[in-house]
Amino acid sequence: MSADQPNNKKKNWKKYRFQTRAVRAGQTRTQEGEQSEPIFPTSSYVYDSARQAALRFSGEEPGNIYSRFTNPTVRTFEQRLAVLEEGERCVATATGMAAILTASMGLLKAGDHVVVSRSIFGPALIWFQNILSRFGVRFTLVPLADVAAWEAAMRPETRLLFMETPSNPLGEVGDIAKLADLAHAHKAWLAVDNCFCTPALQLPLRLGADLVIHSATKYIDGQGRCLGGAVVGSEALVGGEIYSFLRTAGPSMSPFNAWVFLKGLETLGLRMQAHSANALRLAQWLEQHPAVARVYYPGLTSHPQYELIQRQQTAGGGVLSFDVKGGREAAWKVIDAVELISITANLGDTKSTITHPATTTHGRISAEARAQAGIGDGLVRVAVGLEDVEDLQEDLARGLDRQ
Ligand SMILES: *Cc1c(COP(=O)(O)O)cnc(C)c1O
């Protein structure tokens with residue numbers, strides 16, 4: 001890691017545009033002068049002397065110690081993602097859920113209160129409801145788009161507001177700027193799970209959020225290979241207690257996965273544009289289909305929050321849902337008629353996926369709670385991949401035309 005290698009001069013990434021940062025930020029060449037980033041599959045590191053080892057362990061000399069918390073490949077990924085999210089510091093984790101765990105454990109203590117959007121990733125909801133609550137952290141669930149409800153839920157001991165926008169599967173949007181103001185007026189933090197948009201389409205920190213949470217498993221990988229996650233924010237917030245929790249408890253990212261994500265970031269901007277363009281075309285086509293009652297997609301001009309979406313996102317992303325007339329039977333018919341699209345609940349892949357939320361991802365919640373959340377029996381979710389959109393259209397038409 002010598003500073004005298006070509007292109008190792010410290011750069012001010014702020015002056016470069018998104019795609020340039022995505023391809024180049026964070027890389028430090030070794031003395032081998034490699035063009036592509038190397039993987040460092042090593043658990044530990046060696047020192048020149050006993051004195052150097054002592055200085056490293058005491059923190060007086062920066063450098064690698066042990067890969068639970070210092071690995072060059074993981075660090076390269078962290079630096080690149082931090083630059084893309086316009087944050088000062090990133091901590092990479094083993095999964096997206098490990099990122100939520102690490103952020104919560106770093107920031108919260110018994111007696112604290114959290115306000116949580118009702119429309120977040122299922123296991124994240126279970127984390128707040130069933131696990132964090134055992135450690136004395138209380139929470140209130142609120143509807144994502146209802147700013148007044150967030151305001152009413154605030155208490156003197158509220159420390160964190162947690163949201164995911166746009167929501168899954170209905171593409172509802174939360175107002176990041178307004179909720180950041182609300183959090184700060186109460187000396188609390190706003191954390192935004194930016195998994196669906198990624199920094200290619202939405203920059204929560206620029207809008208005032210304090211933390212960005214990622215499941216790198218989705219679009220950052222982009223090809224359905226590795227699990228990973230990240231927390232991004234200021235040096236004070238992420239470099240302090242959040243990093244300290246990761247260093248001690250160890251929900252760390254593997255160097256191999258970091259390398260896959262690093263290469264994923266290089267094409268993230270291009271892929272998110274392509275996912276969004278495909279999804280928009282499919283959504284517009286579905287809106288015109290007689291067997292479809294309603295389409296939910298944050299890129300449609302018919303979306304009730306279109307104005308806010310225009311301010312907050314540069315495109316709609318890759319996930320859309322639609323209500324098929326005729327309930328569960330009709331929805332299953334559409335799913336069972338596909339020949340191309342994968343029947344699976346995953347998303348963020350080059351390969352399109354199709355799922356029936358009411359009997360899969362949202363099957364564990366009561367029918368009443370599902371109805372309240374707007375997830376009907378006829379709802380079908382498609383995470384639109386990078387195939388030719390005409391082929392996806394034909395694949396969905398097969399079931400829809402038979403209704
Ligand atoms: C998948 C997902 C997570 C959890 O990520 P894992 O890598 O599966 O642990 C968190 N948030 C959102 C929005 C997700 O889609």
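The values are calculated or read from the model by the stated rules, or taken from the named source; none is laboratory data. Because the structure is a prediction, the values reported are computed rather than measured. All Cβ positions, glycine included, derive from the backbone under ideal geometry; neighbour counts span all protein chains shown. SASA here: full protein model, heavy atoms, side chains in, ligands and nucleic acids out. Shrake-Rupley method; radii C 1.70, N 1.55, O 1.52, S 1.80 Å.
If ALA185 passes every condition in (1) surrounded by fewer than 23 Cβ atoms within 10 Å (Cβ to Cβ); (2) touching a residue at least 12 places away in the same chain (Cβ under 8 Å) but one, which one does it miss?
(2)
Name the single residue, out of those in region 1-28 being at pLDDT 95 or above and of a type in the set (D, E, K, R), that is least open to solvent (accessible area, probe 1.4 Å).
Ranking the candidates gives ARG21 first.
Pick from ILE126, ILE100: which is among the hydrophobic types (A, V, I, L, M, F, W, C), part of a helix (DSSP H, G or I) and closer than 30 Å to TRP259 by Cβ?
Going through ILE126, ILE100 in turn, just one is among the hydrophobic types (A, V, I, L, M, F, W, C), part of a helix (DSSP H, G or I) and closer than 30 Å to TRP259 by Cβ: ILE100.
Counting only residues that are buried (at least 21 other Cβ atoms within 10 Å of the Cβ) and among the charged types (D, E, K, R), how many does region 262-276 have?
The qualifying residues number 1.
Kindly evaluate LEU160 against the criterion of being open to solvent by less than 50 Å² (accessible area, probe 1.4 Å), outside any helix (DSSP H, G or I), touching a strand residue (DSSP E or B) at 6+ places or on another chain (Cβ under 8 Å) and free of Cβ contacts under 8 Å to residues at least 60 places away in the same chain.
Taking the combined requirement at face value, the residue satisfies it.
Has region 216-224 got any residue that is more than 22 Å from GLN19 (Cβ to Cβ) and either crowded, with 19+ Cβ neighbours inside 10 Å or within 16 Å of the ligand (Cβ to nearest atom) (or both)?
Yes, that holds for at least one residue.
Can you name the condition, by its number, that ASP391 falls short on among (1) open to solvent by less than 20 Å² (accessible area, probe 1.4 Å); (2) modelled with pLDDT of 95 or more?
All conditions pass for ASP391, except number (1).
So if I check each of PRO199, PRO304, which one is more than 13 Å from the ligand (Cβ to nearest atom), surrounded by fewer than 24 Cβ atoms within 10 Å (Cβ to Cβ) and either modelled with pLDDT under 95 or not small (Gly, Ala, Ser) (or both)?
Of PRO199, PRO304, the one residue that is more than 13 Å from the ligand (Cβ to nearest atom), surrounded by fewer than 24 Cβ atoms within 10 Å (Cβ to Cβ) and either modelled with pLDDT under 95 or not small (Gly, Ala, Ser) (or both) is PRO304.
When you check VAL338 against the structure, is it on the phi < 0 side of the Ramachandran plot and surrounded by 23 or more Cβ atoms within 10 Å (Cβ to Cβ), yes or no?
So VAL338 fails the test.
If you check LEU211 against the conditions, is it farther than 15 Å from ALA82 by Cα, surrounded by 24 or more Cβ atoms within 10 Å (Cβ to Cβ), within 16 Å of the ligand (Cβ to nearest atom) and not aromatic (Phe, Trp, Tyr)?
So LEU211 does not fit the description; no.
Please specify each residue of region 332-356 satisfying the condition of being under 22 Å from PHE121 (Cα atoms) and either within 13 Å of the ligand (Cβ to nearest atom) or part of a loop (DSSP other than H, G, I, E, B) (or both).
THR344, ALA345, ASN346, LEU347, GLY348, ASP349, THR350, LYS351, SER352, THR353, THR355, HIS356
What is the number of the single condition among (1) of a type in the set (A, V, I, L, M); (2) open to solvent by 10 Å² or more (accessible area, probe 1.4 Å); (3) in contact with a Leu (Cβ under 6 Å, 6 or more places away or on another chain) that LEU205 does not meet?
Looking at each condition in turn, LEU205 falls short on (3).
Tell me yes or no: at least one residue of region 57-67 is among the β-branched types (Val, Ile, Thr) and within 30 Å of LEU207 (Cβ to Cβ). Can you show your working first?
Here is the first cut: in region 57-67, the ones among the β-branched types (Val, Ile, Thr) are 65.
Filter once more, so that each one left must be within 30 Å of LEU207 (Cβ to Cβ): none.
Within region 57-67, none of the residues are among the β-branched types (Val, Ile, Thr) and within 30 Å of LEU207 (Cβ to Cβ).
Might you let me know whether region 174-193 holds any residue that is within 28 Å of SER321 (Cα to Cα), more than 16 Å from the ligand (Cβ to nearest atom) and part of a loop (DSSP other than H, G, I, E, B)?
yes
Mind checking whether some residue in region 216-229 is farther than 30 Å from LEU379 by Cβ, modelled with pLDDT of 95 or more and in contact with a helix residue (DSSP H, G or I) (Cβ under 8 Å, 6 or more places away or on another chain)? I'd like the intermediate steps shown before the answer.
Going through region 216-229, the residues farther than 30 Å from LEU379 by Cβ turn out to be none.
Scanning region 216-229 turns up no residue that is farther than 30 Å from LEU379 by Cβ, modelled with pLDDT of 95 or more and in contact with a helix residue (DSSP H, G or I) (Cβ under 8 Å, 6 or more places away or on another chain).
Is it true that some residue in region 75-82 is open to solvent by 20 Å² or more (accessible area, probe 1.4 Å), closer than 28 Å to GLY240 by Cβ and either of a type in the set (Lys, Arg) or not in a helix (DSSP H, G or I) (or both)?
Yes, region 75-82 contains at least one residue that is open to solvent by 20 Å² or more (accessible area, probe 1.4 Å), closer than 28 Å to GLY240 by Cβ and either of a type in the set (Lys, Arg) or not in a helix (DSSP H, G or I) (or both).
Quick one: which of GLU60, GLU86 is within 17 Å of LEU237 (Cβ to Cβ) and away from the ligand (no atom under 16 Å from the Cβ)? Break it down into steps so the answer makes sense when it comes.
Values: GLU60 fails: within 17 Å of LEU237 (Cβ to Cβ).
After ruling out the rest, the residue left standing is GLU86.
Sort out which residues of region 109-126 are surrounded by fewer than 19 Cβ atoms within 10 Å (Cβ to Cβ) and either within 10 Å of the ligand (Cβ to nearest atom) or over 24 Å from VAL173 (Cβ atoms) (or both), and write them in order of number.
LYS109, ALA110, GLY111, HIS113, GLY122, PRO123
Scan region 95-108 residue by residue and report those that are within 9 Å of the ligand (Cβ to nearest atom) and either open to solvent by 20 Å² or more (accessible area, probe 1.4 Å) or at pLDDT below 95 (or both).
THR95, MET97
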